[in-house]
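Heads up, the thing below is written out as structure tokens.
The values are calculated or read from the model by the stated rules, or taken from the named source; none is laboratory data. All of these numbers come straight from a predicted model, not from anything done at the bench. Cβ atoms come from the backbone with ideal geometry, glycine included; neighbour counts cover every protein chain shown. Quick note on the areas: whole protein, heavy atoms, side chains included, nothing else; ligands and nucleic acids left out. Shrake-Rupley method; radii C 1.70, N 1.55, O 1.52, S 1.80 Å.
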Amino acid sequence: MEFDFDRFTNIAVKAYSEQEEGYTIEEALEVFRYYFEKYEECIGKPHPPIRAERIKRILGEMPWIFLEDRGGDCEEVSPEGYRAMIDQHFKTEYRDCNYNINHFFSGRIRENRYFETLF
């Protein structure tokens with residue numbers, strides 16, 4: 001993988017230290033690594049760098065999916081569950097999408113991939 005995952009890990013560990021619940025840092029890094037590997041495989045270049053505050057926000061959102069169509073319930077998603085969701089994400093054709101991880105964690109993208117793969 002060309003993406004500088006060591007540098008990313010250092011930033012993520014600092015952001016994670018402020019997290020109170022959710023995945024362990026190892027579990028979260030497993031999800032990030034899989035995403036970045038899949039990105040390079042499908043897009044053909046390394047994922048662009050991510051700002052620390054965005055990493056922190058993703059870390060806080062990652063363990064749960066907010067289900068708007070189910071009355072606003074939250075569902076836990078295992079780190080292993082993300083593999084199917086990420087695979088589906090890269091199979092999905094979007095209008096004007098660069099497949100950045102920020103897109104995956106925006107709007108209802110994860111919710112839709114959750115329903116397609118894990119629900």
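Placing pseudo-labels 7 Å out from each Cα toward the beta carbon at Glu40 and Thr9 gives an inter-label distance of 1.3 nm. Taking θ as phi - 60° and the Karplus parameters 6.51, -1.76 and 1.60, the scalar couplings of region 76-82 work out to 6, 10, 6, x, 5, x, 5 Hz in sequence order, x denoting glycine and proline. Taking amide H positions as modeled 1.01 Å from N, with prolines and chain starts lacking one, the residues under 5 Å from Phe3 and 5 or more places away or on another chain are His47. Between Lys91 and His103, residue separation times 0.36 nm minus the direct Cα-Cα distance comes to 2.9 nm.
What the phi angles of region 48-55 give under the Karplus curve with 6.51, -1.76 and 1.60, with θ = phi - 60°, is a coupling list of x, x, 10, 6, 4, 5, 6, 4 Hz, glycine and proline written as x.
Helical content alone sets the calculated 222 nm signal of the chain at -16500 deg cm²/dmol, taking -39,500 (n - 2.57) per DSSP H segment of four or more residues and averaging over every residue. Straight-distance candidates among the lysines for linking to Lys14, with alpha-carbon spacing under 17 Å and chain neighbours fewer than 8 residues away dropped: Lys56. At the residue level, Asp4 shows approximately 90 square angstrom of accessible surface with a 1.4 angstrom probe and all protein chains present. Residue-wise HN-Hα couplings along region 103-119, as the Karplus relation 6.51 cos²θ - 1.76 cosθ + 1.60 with θ = phi - 60° gives them from phi, are 5, 4, 9, 10, x, 10, 4, 5, 4, 5, 5, 4, 5, 6, 10, 10, 7 Hz; Gly and Pro carry x.
A cut-off of 5 Å between modelled amide H atoms, ignoring neighbours fewer than 5 places along the same chain, links Trp64 with Val77.
Candidate values (1) 19.4; (2) 15.8; (3) 14.7 were compared with Kirkwood radius over Cα pairs in Å computed on the shown model; the agreeing label is (3).
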